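Readers should treat all values here as calculations from the given coordinates under stated rules, not as data from a laboratory. Since we're looking at a predicted model, the values are computed, not measured. Positions of Cβ are generated from backbone atoms using ideal geometry, with glycine treated the same way; all protein chains shown enter the neighbour counts.
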Amino acid sequence: MSETRQPLVVGNWKMHGSHAVNEQLLEALKAAGPLPAEAAVCVPFPYLAQAAERLARSPIGWGAQDVSVHAQGAYTGEVSAAMLADFGSRYVIVGHSERRQYHGETDQLVADKAKVALAKGITPIVCVGETLAQREAGETEAVVKRQLSAVIHTLGPCVGEMVVAYEPVWAIGTGLTATPEQAQAVHALLRAQLAAASPRAGQMRLLYGGSVKPDNAKVLFAQADIDGGLIGGAALKAEDFLAICRAAA
Ligand SMILES: O=C[C@H](O)COP(=O)(O)O
């Protein structure tokens, strides 16, 4: 973490929640008081209105987990960036490995999604990360560079406005966490790649995701190029999510 970048902790609720369950979680987050990190939750589409209503007048932001590349039209099931903006979304996650894996999202599609989000004033959180097989084959650097490169080329000078999340696929939901050194090594690579493309690279927030919990957040966030986290399972419990936010102090 650097002193010049405000830490950011984002909860990715994935496909969890209900009106009743969310109500308790959102109220607990809202009641938390000042946090040392900027915090936000990315909720399933049907609950955007609920998040917007409950978190209004709180410092906690909200957003979505995906966005269509299309502006409008006959795209059944898709949700546009303008619609997300209509609900006050501050962030949208793009290119999560679950979207890449289960929905065949390519590097270019992810980059195009980041572009449409920015065009509507929503900050894309672009996810990159290698599978276990890729790490074991020594391909981590090549994989994350390729994933980031597509976004850099598509966003051009706007690249400095996005957030990047490094999420090793083997650490997601598995209880396995990259060591702080492993995570920092990849974050440093990503920042160097961004620095070659944008004068804003030093101000960009790079998040780590993959089994971040209250007991490992502090040491991860203490790394020089880790500016917060993208949190899955632990974001579903207010107490854990807030403890992770506080670990950014
Ligand atoms: O977007 C969040 C990541 O997929 C991490 O999920 P996790 O914290 O449950 O491992």
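Computed values, structure above
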item	result
Residues of the stretch 25-54 that turn out to be among the aliphatic types (A, V, I, L, M) and either surrounded by fewer than 21 Cβ atoms within 10 Å (Cβ to Cβ) or touching a Pro at 6+ places or on another chain (Cβ under 8 Å) (or both), as a count	8
Residue match in the stretch 99-122 (condition: away from the ligand (no atom under 16 Å from the Cβ), surrounded by fewer than 21 Cβ atoms within 10 Å (Cβ to Cβ) and at positive phi)	yes
Count of residues meeting criterion [part of a loop (DSSP other than H, G, I, E, B), without any contact (Cβ under 8 Å) to a residue 40 or more places away in the chain and under 15 Å from Ala238 (Cα atoms)] in the stretch 19-48	4
Residues (among the basic types (Lys, Arg) and touching a Lys or Arg at 6+ places or on another chain (Cβ under 9 Å)) located in the stretch 189-217	Arg205
Residues of the stretch 64-91 that turn out to be out of contact with any Cys (no Cβ under 7 Å at 6 or more places or on another chain) and within 15 Å of the ligand (Cβ to nearest atom), as a count	1
Helices (runs of 4 or more DSSP H) fully within the stretch 178-249 counting 1 or more residues that are among the aromatic types (Phe, Trp, Tyr), in contact (Cβ under 8 Å) with a residue 24 or more places away in the chain and within 16 Å of the ligand (Cβ to nearest atom)	217-221, 238-246
One residue from Val151, Val164, Val143 being without any contact (Cβ under 8 Å) to a residue 60 or more places away in the chain, within 16 Å of the ligand (Cβ to nearest atom) and crowded, with 16+ Cβ neighbours inside 10 Å	Val164
Test: residue in the stretch 21-30 that is under 16 Å from the mean Cα position of the chain (by Cα) and within 16 Å of the ligand (Cβ to nearest atom)	no
Any hit, the stretch 202-209, residues being surrounded by fewer than 17 Cβ atoms within 10 Å (Cβ to Cβ) and within 17 Å of the chain's Cα centre (by Cα)	yes
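Okay, residues lined up against (1) hydrophobic (A, V, I, L, M, F, W, C); (2) under 21 Å from Ser97 (Cβ atoms):
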site: Pro168; (1), (2): no, yes
site: Ile172; (1), (2): yes, yes
site: Gly175; (1), (2): no, yes
site: Leu189; (1), (2): yes, yes
site: Ala197; (1), (2): yes, no
site: Gly202; (1), (2): no, no
site: Ser211; (1), (2): no, yes
site: Pro214; (1), (2): no, no
site: Ala238; (1), (2): yes, no
